[in-house]
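Shown next, in structure tokens, is the structure this report addresses.
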Amino acid sequence: MGIEDTAFAVRGIIPAMVTPFKPDESLDLDALRRLTRHLIEGGVHGLFPTGSQGEFYALTPDERQRIWEVVVEETDGRVPVYAGTGAITTTEVIALNRLAERAGASALSVITPYFISPTQEELYGHYMAIADATALPVILYSNPGRTGGLNLSAALVSRLAQHPNIVGIKDSSGDLSLTMAYLAATDDAFTVLLGRDTLILAGLIHGAKGSITATANAAPKLVVAIYEAFLQGNLQDALEAQRRLAPLRDAFSLGTFPVVVKEALDLIGIPVGPTRGPVGPLAQDQREKLRQVLEALVM
């Protein structure tokens, strides 16, 4: 199926959800339900569980499936659920996709392999096999900073976009020139989503249709304001919202990824527990700096 055949449009602000854990690092499904409600109440246009911010690399397949089931159930059809099903091998991604289908996900987001460095032609075969093996829409996910520099070229994305099930890409490269190349290489039926929160407005101006964003966990209304103001043609308000958001994205440097967003949620009264080891909590002085950032935004 192509995007025109799906029950939803791939667009808008889609939080890359954190995965809540209890102090013993087991899943905290009650906290996951609270987080889901918090995000929907913030006006988001979709939810993306078990992506990079959701510590997918630390989860078992059974845990991922349970997370998808809970988010789908709590969402109750109000917004689409994009399941992060990335893995190193093609076979594993296909198996995860089947679990996501059974859980009721609306679409799939598949990060490029990590640890290994496939060629562009090998990536073509990887994604084509994945798209052939599912009826759900597939969103490519390029995050070179987390995958040893592995990137999807604009030429490759253009080829992959010809598959009716491959409907978009999340571009977390932080390279606006590459984002523009993706847009130039594909037509309007293919959705480009920004994965770098400081570039949401810039991407929208050039033709992107939204963003899969980590900062929206803690500040969903502010991130949604960028998108909504842009749609209304109010570039000044969109720019002001984008500028206000930037310090929160910059605060990611205060700790080891992905702990900062979890601590931000805790500071605004939505506890989601620790990250899985070896990543630990912020030092007290860094947590205080994060508090100061949040006070200017949402507290």
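Just so it is clear, none of the values below were taken in a lab; they were calculated from the coordinates. Not measured: the values here are computed from a predicted model. Glycine gets a Cβ as well: all are built from the backbone with ideal geometry, and neighbour counts include every protein chain shown.
Basic side chains Lys and Arg get +1 at the Cβ, acidic Asp and Glu get -1 at the Cβ, and with that the dipole of region 105-226 about its Cα centre reaches some 340 debye.
Note on the chain: with charges restricted to the Cβ of Lys and Arg (+1) and Asp and Glu (-1), its dipole about the Cα centre is near 340 debye.
Counting other Cβ atoms within 10 Å, keep those with at most 13, restrict to DSSP loop, and tell me which chymotrypsin sites (Phe, Trp or Tyr not before Pro) in region 20-125 are left. Listed in order of number, the matching sites are Phe115.
From the coordinates of this entry, semi-axes √(5λ) of the Cα gyration tensor in Å is computed, and it appears in (i) 44, 25, 17; (ii) 27, 23, 18; (iii) 32, 23, 17 under the label (ii). What percent do you get for the relative contact order of the chain when only Cα pairs under 8 Å and 6+ apart count? Value for the chain: 20 percent. Here the Karplus curve 6.51 cos²θ - 1.76 cosθ + 1.60, taken at θ = phi - 60°, turns the phi angles of region 93-107 into couplings of 4, 4, 5, 5, 4, 5, 5, 5, 4, 5, 6, x, 4, 7, 7 Hz, with x standing for Gly and Pro. Computed from backbone phi with θ = phi - 60° and the Karplus coefficients 6.51, -1.76 and 1.60, the 3J(HN,Hα) list for region 168-181 is x, 9, 9, 9, 9, 5, x, 9, 4, 4, 5, 4, 5, 5 Hz; x is used for glycine and proline. Evaluated at q = 0.15, 0.20 Å⁻¹, the base-10 log of the normalised Debye intensity for region 153-271, with identical point scatterers placed on the Cα atoms, takes the values -0.71, -1.06. Here the relative contact order of region 203-299, from alpha carbon pairs under 8 Å that lie six or more residues apart, stands at 24 percent. Taking all Cα pairs closer than 8 Å and separated by 6 or more residues, the relative contact order of region 67-134 comes to 37 percent. For the chain, leaving out every one of the trypsin sites (Lys or Arg not before Pro) that falls in a DSSP loop and has at most 16 other Cβ atoms within 10 Å, the longest unbroken run is 79-275.
Within the chain, DSSP assigns beta bridges of which about 5% are antiparallel (rounded to the nearest 5). Sparse packing (at most 16 other Cβ atoms within 10 Å of the Cβ) combined with a DSSP loop state is found for the following GluC sites (Glu not before Pro) in region 1-88: Glu25.
In region 15-71, a dipole from Cβ-located charges (positive for Lys and Arg, negative for Asp and Glu) runs towards its positive end, and of Ile40, Gly51, Thr19 it is Ile40 whose Cα lies farthest in that direction. When shorter helices are ignored and each DSSP H run of at least 4 residues is given -39500 (n - 2.57), the per-residue value for the chain at 222 nm works out to -13000 deg cm²/dmol.
Note on region 189-299: dipole from Cβ charges, positive end direction compared against Val224, Ala251, Leu194; the farthest Cα belongs to Leu194.
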